[in-house]
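Input: a single structure, listed below in structure tokens.
The values are calculated or read from the model by the stated rules, or taken from the named source; none is laboratory data. Keep in mind it's a predicted model, so treat the numbers as computed, not measured. Note that each Cβ is placed from the backbone with ideal geometry, even for glycine, and that neighbours are counted across all protein chains shown. Only protein heavy atoms, including side chains, enter the accessible area calculation; ligands, DNA and RNA are left aside. Shrake-Rupley method; radii C 1.70, N 1.55, O 1.52, S 1.80 Å.
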Amino acid sequence: MQKAPLIFTYYIAAPVEKVWDGFVSKEANQKIFMGADFELDLKPGGAMTWSGPSKDGKPMRYVTGEVLRAEPPRLFEYKFGMGDGAMMSRVRVELTPETEAVKVVVTNDDWAEDDPAYAQNADGWPRILSRLKTLLETGKTFRPH
């Protein structure tokens with residue numbers, strides 16, 4: 001049975017360019033993901049990786065992704081999976097400027113039926129988006145649980 005898409009809507013009080021940068025910049029990703037090294041080649045087919053030390057201190061890749069579409073500052077679509085990306089899902093980030101905020105809609109879909117990351121992402125996206133919102137609105141963020 002096909003897994004339901006995970007859809008999250010947030011409103012961030014910042015210019016659309018700053019919100020876009022929050023999703024694609026190395027600096028914002030390092031703050032949101034507790035120092036993880038973020039690399040992004042922002043073109044279709046471009047690689048995305050989040051990496052850093054494992055529990056034993058050795059380097060490891062946390063997440064592997066591939067850019068599908070990038071239309072700054074409105075649309076960003078990519079595939080990603082945990083570790084080496086053996087199982088991937090799709091993410092679509094849509095940014096719509098409003099009067100004093102940007103409407104952010106993140107849709108995470110195209111799940112493999114047996115992907116164990118589904119439950120983790122259902123819980124993780126609200127935390128990640130809340131950390132991003134806090135960072136962009138206040139200049140600082142909070143530690144994950």
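Observations on the model:
- Gaussian network model of the chain, springs between alpha carbon atoms under 10 Å - residue of Ala14, Ala119, Ala36 with greatest fluctuation: Ala119
- Distance distribution note for the chain: the fraction of Cα pairs above 21 angstrom is 42%.
- Per residue, the solvent-accessible area of the range 8-122 (1.4 Å probe, heavy atoms of protein chains only, all protein chains present) comes to 53 Å².
- Loop-resident sites, the range 110-145, for trypsin sites (Lys or Arg not before Pro), counting at most 13 other Cβ within 10 Å (DSSP): Lys140
- Under a model in which nothing but the beta-carbon of Lys, Arg (+1) and Asp, Glu (-1) is charged, the range 24-145 shows a dipole of about 480 debye around its Cα centre.
- Choice from Met88, Met34, Met48 showing the highest fluctuation, given a GNM over the chain with Cα pairs closer than 10 Å: Met34
- For the chain, the fraction of 1.4 Å probe accessible surface lying on carbon and sulfur atoms is 54 percent.
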